[in-house]
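Values in this text are rule-based calculations from the coordinates and carry no lab data. Please read these numbers as outputs of a predicted model, since none were measured by experiment. For neighbour counting, all protein chains shown are included, and Cβ atoms are generated from backbone atoms with ideal geometry for every residue, glycine included.
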Amino acid sequence: MLLRYSLVVLGFSPLLTASHLARPMANTSSGSYVGFYDAQNQVDRFLGLRFASPPTQRFTPTIPVSSALKGLQNATTFGADCPQLPAPLSVAGFAAGPPLRGANQSEDCFFVNVWRPAGTLPGDKLPILIYIFGGGYFSGSGSEWEGTNLVRRSVATKTPIIYITFNYRTGVLGFIGSAQASPSALNVGLQDQRDAFRWIQDNAEAFGGDGSRITISGESAGGSSVHMHYLYPDSRRTFRAGISSSGTSLVLNTPACEWHDRPGGAYTLLGNVTGCGSGPGSFECLQNLPFDTFWPLALTTYLPSNGVPIPPWSVTCKGPQGSLIEEYPVKKVINGDFLDLPIITGTNKNEGNFVIGTSLLELTPQPPIDVENTILSGFIAAQATNFKNVSQATLSKLLDLYAHPTDDLSNSTLFDRATQFETDYSFLGPQRLFLKTASAEERKQDVWAYSFQQHLPGSPDFFGAFHTSDLYYLDMGFPIVPAQKLKSQIQDIYISFVNDLSPGILWPKYAEESKIVMRLLDGSLSPIVDTVRRNLTDFLNQVDVMEEFGRFG
């Protein structure tokens, strides 16, 4: 009764009949849909709404729906997930994401899912939160991430929102890289995201939403995607703000697309296993292979190597004009060439502990220091792309900088050193580089930064506040955690920002002079000075060092 009463107080129609609630309707540009009324949670759901036509050729950009589907379409089950690994990767028994819930896997996977407060009507103009799933750009789906509890919380706090997820192509289908590929086929997964934004904005009113009040958000690859849409904006403004969790504007290195053509590179491997080769005509060959032939062979290139569970199709790439990413991200970040829109962005304290897996932890016996340094040196050098080699002087400096880990979470100094380097190189360093530019005196962008520091109950001690652990507190698909206060606080930050472009708590905007970030820790939600390993990330952010790792091409 309380939830229903809240809807009335907030301006929702009190005249809705049981039949209206039982069959929520939406008339969109792709058809008329009937969704599902969840009486227990007082939420309407519309699942599997088409935002683009079925693809006509592999790797090509989406085609808008030219004419609406005839008749009333059922929107009570998810559409197909885009092709990917059959299950999310996991480390020490913790999966990188919830299970996929799509009807199947198919190249025809361009679907949107909507959660809204029950009884929302066209014209209510609720603000919209779009969530971009993560998964390293090689896995994930909009079907993983539930909006029920976040929408319920928004109604309970009398600040209702609409929550939307969607699918985009991942892995080789969304992020093929090669000089042989046409420019329009490069980073097509990001183009899918842009096309979904457009459809959502065009159809916002059909769900009772406000197309001028859209916030995009995401975690990991989804968080990186938020940054990428700031750096490479659509000519049409489809959102007004962003929330990026554990994702940075550098997206690892974003190498040149032709880097995948090197011997042993992803495109070369794909050409070898499919018989298409990697020279002229290879791209057209890959496009024309029947899916049932192409896909099992393509999946063989996803197999992890050297214990690192990251397939080669896990990065965006810098291509020529027409490829969406026409300039290296690091150059745009340093030059301030990105949207000046409000953004919340942050990282977890121990991002690298989950990302690199447990292979270094499981070495038996743990190696002596000279062998440990050799292994760590190789791990660091392997981060370089674009045919670059890290100098011995830089490697020696990094071995010295990471000689004494600030977090002693395991019984392996090798693991602790490697995970802290991974945290700094892939997450914390790029985050600080972006914040420095965004908060510059001449710019003063509305940007709030955070450090998530909560150890997830039940997870291994050596995980710390690991990559993806913050998602347990958004209550969108992972099991519910016992730290209820932190959960409601993080949910309220999202809900407040979507409504008012403010985190809703005493949270100073980031400034390079003060370096204040919000510490997200159960029982201790408070601003702190972000100084941890600052000298290490400053070194990693030196232009000459970034050049050695290939971040400038």
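Could you order peptides 41-48, 26-33 by the average number of other Cβ atoms within 10 Å of their residues, highest first?
Details: 41-48: 22.9, 26-33: 19.8.
Ranking the peptides 41-48, 26-33 by packing returns 41-48, 26-33.
Compute the whole-percent fraction of alpha carbon pairs in the range 335-396 spaced more than 14 Å apart. Considering the range 335-396, 74 percent of its Cα-Cα pairs are separated by more than 14 Å. Using +1 on the beta carbon of Lys and Arg, -1 on that of Asp and Glu, and nothing else charged, what's the dipole of the chain about the Cα centre, debye to 20? Result for the chain is approximately 1340 debye, rounded to the nearest 20. Taking the charge dipole of the range 175-314 about its Cα centre, with +1 at Lys and Arg Cβ atoms and -1 at Asp and Glu Cβ atoms, the residue from 178, 255, 301 reaching farthest to the positive side is 255. So I have (1) 24.4; (2) 25.7; (3) 30.6, and one of them is mean projected area of the Cα convex hull in nm² calculated from this model. Which one is it? Answer by label: (1).
Take the alpha carbon gyration tensor of the range 47-176, find the square roots of its eigenvalues, order them as a ≥ b ≥ c, and report rounded if a/c is under 1.5; if not, report prolate when a/b exceeds b/c, else oblate. Walk me through the intermediate numbers first.
Numbers: a/c = 2.18, a/b = 1.20, b/c = 1.81.
It comes out oblate by the Cα gyration axes.
Ellipticity at 222 nm from helices only: DSSP H runs of n ≥ 4 in the chain, each -39500 (n - 2.57), divided by the residue count, give -8500 deg cm²/dmol. Distant-in-sequence amide contacts of residue 50, defined by a placed amide H-H separation under 5 Å and a gap of 5 or more residues or a different chain, comprise 112.
To the nearest 20 debye, what charge dipole does the range 375-422 have about its Cα centre, counting +1 at the Cβ of each Lys and Arg and -1 at the Cβ of each Asp and Glu?
Working: 3 positive and 5 negative charges, 58 e Å.
About 280 debye.
Anything over 22 Å Cα to Cα? Flag those among 388/515; 332/397; 331/388; 332/436; 332/388; 349/487, in the order listed. From the list (388/515; 332/397; 331/388; 332/436; 332/388; 349/487), the Cα-Cα distance tops 22 Å for 388/515; 332/397.
Taking all Cα pairs closer than 8 Å and separated by 6 or more residues, the relative contact order of the chain comes to 13 percent. Shape class for the range 421-462, computed from the alpha carbon gyration tensor (a ≥ b ≥ c): oblate, with a/c not under 1.5 and a/b at or below b/c.
Just flag the GluC sites (Glu not before Pro) in the range 361-434 sitting in loop per DSSP whose Cβ has no more than 15 other Cβ atoms within 10 Å. Show your work: numbers first, answer last.
On the way: sites: 362, 372, 422; in loops: 362.
Here the sparse-neighbourhood loop sites are 362.
Charging the Cβ of each Asp and Glu at -1 and of each Lys and Arg at +1, and nothing else, the dipole of the range 274-418 about its Cα centre rounds to 260 debye.
If we sort 280-291, 192-203, 340-351 on the protection proxy, mean other Cβ atoms within 10 Å, highest first, what's the order?
Details: 280-291: 14.8, 192-203: 22.2, 340-351: 24.1.
Per-residue mean Cβ counts within 10 Å order the peptides as 340-351, 192-203, 280-291.
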